[in-house]
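The values are calculated or read from the model by the stated rules, or taken from the named source; none is laboratory data. Note that this is a predicted model, so its numbers are computed, not measured. Glycine gets a Cβ as well: all are built from the backbone with ideal geometry, and neighbour counts include every protein chain shown. Areas reflect the complete protein model, heavy atoms only, side chains present, ligands, DNA and RNA absent. Shrake-Rupley method; radii C 1.70, N 1.55, O 1.52, S 1.80 Å.
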Amino acid sequence: MTTHDTSSQILFLSPLHVGTGNKTSIERIREHMPKNTCQLANTADFNDREQFLEFIKTHNIQAVVGLHAYRAGRLLTDCPVPYGIILGGTDVNEFWKDPDKLVVMTTAIKSARFLVAFCKPMYDQTLKLWPDVKDRLYQQHHAAVTEPSSFDFHDYLYKRCKIEHKSHIFLLIAGLRQVKDPLYIAQAFSEWHTKHNNAHLVILGPDLGSEFADKVKSTVSNLPGVHLVPALPQPDAHAAISQSFALINTSLSEGMSQAILEAMVLEVPVLARDIVGNTAIVKHDSNGLVFDTPQEFIKQAERLMASEHLCKHLVKNAKEYVRLEHSIEKERETYTKLVSLLQN
């Protein structure tokens, strides 16, 4: 948690695991506000609601913007100051299936002055779950901003994984969580690697210390051509994307993948699993490639490797798509307006 000012503050509350889209998103959104008027806090830093309410009081918080109806929402019940909630993909795609989590989210949403969904599928699902929020529900795409560092990803991979510098890197950025399904294409890719030994799958993301993360590490250790590397600082992660042959998404569900948008900005082809959160932004054969089985992924990867024309076609359209639909100016305008609703 950060504290800089004793004047009235707006709190941005979110899970802040390094290397995750949540952290990237909330930090970018906070940048739209004057720096001396806001603070950032990690939902994981609060053991219970009482501890959070004490923080609100002692830090002179006048309003809260929470990311995740469940993870932030569990703290926002009975919040004494106005708040709004930016919905997470996990909220509307997964957590609502758990009755206890649904109660927490519903309670938090009831008193929120605004709700934000990242894309039309999220917007529609939110209205299906909570029909009475229509007047408070906004749709705002993620903005896509990239600032690659001078980090040499190929050198890093050679030193860490013995991957030769001229290899084709298929980069999968994902925390080691079940919903990200990082092993979805791993076996098929490893078998493909035996025929195309210059192709490597690199899974880059935080180890969140779960049994599932242990399973991922154990499995990857036995798959030639598949590698696991820890999360990188955001500028280095952007450099890693820019130096990869393609960016992969294999999630079971998504709100809106920040990594996909960043790859589009950085002119790196995208291959995305066929789920609604991905196909809301990735249009097959137009600005990316979509697959629905590991075998279909291999087929699309082979197309990409065989055709420089296809690569150029996809990245040109993807960059134009992001320019039109994911501008930082539109995001700034929306969140400035929404935060003003909390202050009036």
_Within the range 34-79, take every residue that is without any contact (Cβ under 8 Å) to a residue 60 or more places away in the chain and small (Gly, Ala, Ser) and give me the one that is surrounded by the fewest Cβ atoms within 10 Å (Cβ to Cβ)._
ALA44
_Of all residues making up the range 8-31, the number that are open to solvent by 20 Å² or more (accessible area, probe 1.4 Å) and either under 20 Å from ASP207 (Cα atoms) or in contact with a Ser or Thr (Cβ under 7 Å, 6 or more places away or on another chain) (or both)_ = 9
*For ILE26, indicate whether it is without any contact (Cβ under 8 Å) to a residue 40 or more places away in the chain and within 25 Å of ALA174 (Cα to Cα).*
no
*Look through LEU176, LEU172 and report the one residue that is at pLDDT 95 or above and surrounded by 19 or more Cβ atoms within 10 Å (Cβ to Cβ).*
LEU172
_Pairs with Cβ under 7 Å, 6+ apart, first in the range 239-251 and in a loop (DSSP other than H, G, I, E, B), second of a type in the set (Val, Ile, Thr)_ = SER244/ILE169; SER244/VAL268; PHE245/ILE169; THR250/ILE185; SER251/VAL179; SER251/ILE275
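For the range 289-344, give me every one of the helices (runs of 4 or more DSSP H) that falls completely inside it and has 1 or more residues that are among the hydroxyl-bearing types (Ser, Thr, Tyr) and open to solvent by 30 Å² or more (accessible area, probe 1.4 Å). Working first, answer last.
Values: elements: 294-306, 308-325, 328-343.
By residue number, 308-325, 328-343.
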_For the range 206-238, give me the residue count where each residue is in a helix (DSSP H, G or I) and more than 29 Å from MET264 (Cβ to Cβ)._
6
_Tell me the residue from ASP100, ASP91 that is among the acidic types (Asp, Glu) and either open to solvent by 70 Å² or more (accessible area, probe 1.4 Å) or assigned to a strand (DSSP E or B) (or both), please._
ASP100
